[in-house]
Structures are given as C-alpha cells and as structure tokens.
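The block underneath contains the structure these notes are about, expressed in structure tokens.
What follows is calculated from the coordinates using simple rules that are stated; it is not laboratory data. In this text, all values refer to a predicted model and were calculated from it rather than measured experimentally. Cβ coordinates were reconstructed from backbone atoms using ideal geometry, including for glycine residues, and neighbour counts include every protein chain displayed.
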Amino acid sequence: MAVISMRITIVSWVFLLVMPAVVVGSDGEDTPTPAPWPERFHAQLYMNLSDGRLQISDLWYDWPAGRNVNLMQKQLGVLLHDVEWDNGTSFYYTLGPTGHCRTMLFPVGIPRRDFMVGSTYLGPRYTDGFLCHLWEKVDFIWYYEDAATRRPVRWDFYDGISTHVMTFEVGGVLEESQWQAPSNCFTDDKDREDPSENDLLPHSLRKLT
Ligand SMILES: *[C@@H]1O[C@H](CO)[C@@H](O)[C@H](O)[C@H]1NC(C)=O
Ligand SMILES: *[C@@H]1O[C@H](CO)[C@@H](O)[C@H](O)[C@H]1NC(C)=O
C-alpha cells in the first residue's frame with residue numbers, strides 16, 4: 001500500500017508541474033505564428049518536383065511595387081520566366097529564337113506578405129538540418145520556418161513538390177529590365193504557347209492570398 005500511495009503522490013506532482021505549461025499552451029498566446037515575408041527579398045530555391053525532376057528558382061518578391069518574379073530552371077531545361085503582377089496578370093515566357101509566352105489572368109494579386117495567416121501550427125520539426133516551426137494551411141501548403149532566425153526554410157505542396165530555401169537576401173531587388181515581358185507576350189499568337197509550361201501553375205502561392 002505504501003508503494004502505491006507513493007506512486008500516486010509522484011504522479012500528482014508530475015501532473016502539477018506539467019499543468020501550468022499545458023494551460024499556457026492552450027490559451028493560444030504561446031502558439032508561434034509565421035513571420036510575414038519582408039517587403040522585398042531575393043531567394044534561391046531548390047525544388048524537388050516529386051516526379052523525379054529537379055528545379056532551381058530565383059524568387060524576387062517586391063511587395064511595394066506589387067510584383068513578384070520566379071526564374072525557373074529545370075535540370076538541363078530552358079529558363080522559364082514567371083512575372084506576376086498584383087493586378088492578376090502573369091507572364092510566363094522563355095527567351096531566344098524558340099521563345100514563347102503565355103499570359104494568365106488570376107482573380108487575385110501576388111501573395112500577401114502574411115499569406116500564412118489562418119494556418120494551423122503543427123509544432124517544432126527538424127528539417128534540412130534546422131530546428132523549425134511547422135504550419136499547415138488549407139491542406140495546400142506545409143511551411144517550415146527556422147525557429148532561431150524566423151527565415152523560411154522549406155515549404156511543401158499537397159502533391160509532394162517540396163521547395164528548399166537556399167539563400168534568403170532581405171532587400172534584394174531585381175534589375176528593372178528583368179521585369180519587362182518580351183513583345184511576343186503582347187500579341188495574340190497562341191501558337192507560341194508551350195503547354196508544358198503549365199505544370200507549375202497549380203502551385204502558385206497566389207492561391208493563398
Ligand atoms: C525527390 O523526391 C522524390 C519523391 O519524394 C524522392 O524519391 C527523390 O529521392 C527526391 N530526389 C532528390 C534529389 O531529393
Ligand atoms: C497588369 O500590369 C502589367 C504591368 O504593368 C501590365 O502589363 C498588364 O497589362 C496589367 N494587366 C491588367 C489586367 O491590367
């Protein structure tokens with residue numbers, strides 16, 4: 001009997017010691033939230049397209065100017081430019097003699113700086129060698145942020161495509177000429193469209209704005 005009551009006492013103590021933490025955690029104030037994206041940044045991204053293909057991207061985000069560029073390089077492929085404007089227009093184009101362009105009109109602008117607002121906190125996770133916080137939003141994106149520096153480390157889309165942030169240069173600005181879509185984006189020649197360029201469109205972060 002003495003042994004049993006001793007155990008109960010220990011369990012009660014453990015319970016009391018743990019309780020305050022549980023109470024603090026459940027009132028929401030301690031739940032981490034993702035840092036908003038900086039107003040301007042340049043990030044180099046390494047992506048596993050999950051079907052075996054790999055891609056590196058340069059992302060230039062410019063919130064004050066209402067524009068966002070993704071320069072997408074599939075392994076041994078042609079550089080694909082994706083210039084997104086906050087008025088909903090996106091230009092997808094390649095340059096050179098075989099260059100083509102596709103213009104898309106989205107009902108929303110570029111990703112908000114706080115596009116992860118409304119996400120669910122899933123807890124701390126180690127990924128890519130960093131201790132991160134992990135959030136999930138609308139079963140569409142899983143977003144990892146470095147717990148120490150609050151920089152994005154990785155995000156995964158619902159279908160397995162994972163993006164790894166290799167550099168994150170706050171304040172980085174793309175030179176002005178790189179924002180200008182080429183003239184063939186402003187003609188109606190649909191023959192110039194390349195359907196294979198479409199395969200990343202479902203993953204646009206615009207969906208989260
Ligand atoms: C890319 O992802 C696929 C599926 O998850 C995996 O099998 C493959 O090893 C990954 N490739 C690289 C280079 O990480
Ligand atoms: C959006 O802005 C871009 C850049 O100024 C322009 O080329 C495009 O025509 C605009 N789209 C619409 C729908 O106004």
By Cβ neighbour count within 10 Å, fewest first, 83, 78 rank 78, 83
Listed with the fewest Cβ neighbours within 10 Å leading, 110, 161 appear as 161, 110
With x for Gly and Pro, the residue-by-residue ³J(HN,Hα) of the range 33-45, computed from phi through the Karplus equation 6.51 cos²θ - 1.76 cosθ + 1.60 at θ = phi - 60° and given in whole Hz, is 10, x, 5, x, 5, x, 4, 9, 7, 10, 10, 9, 10
Neighbours of residue 38 by Cβ distance under 12 Å: Lys/Arg at +1, Asp/Glu at -1, summed charge 0
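List the relative contact order of the range 86-187 as a percent without decimals, with contacts defined as Cα pairs under 8 Å and 6+ residues apart. Each step should come with its number before you reach the end.
On the way: 139 pairs, mean separation 18.3, N = 102.
Taking the mean separation of contacting Cα pairs over the length of the range 86-187, I get 18 percent.
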For the range 41-208, whose charge dipole is built from +1 on Lys and Arg Cβ atoms and -1 on Asp and Glu Cβ atoms, the candidate among 73, 60, 142 with its Cα farthest towards the positive end is 142
Which residues qualify? For residue 115, with a placed amide H closer than 5 Å and at least 5 residues away or on another chain, they are 37
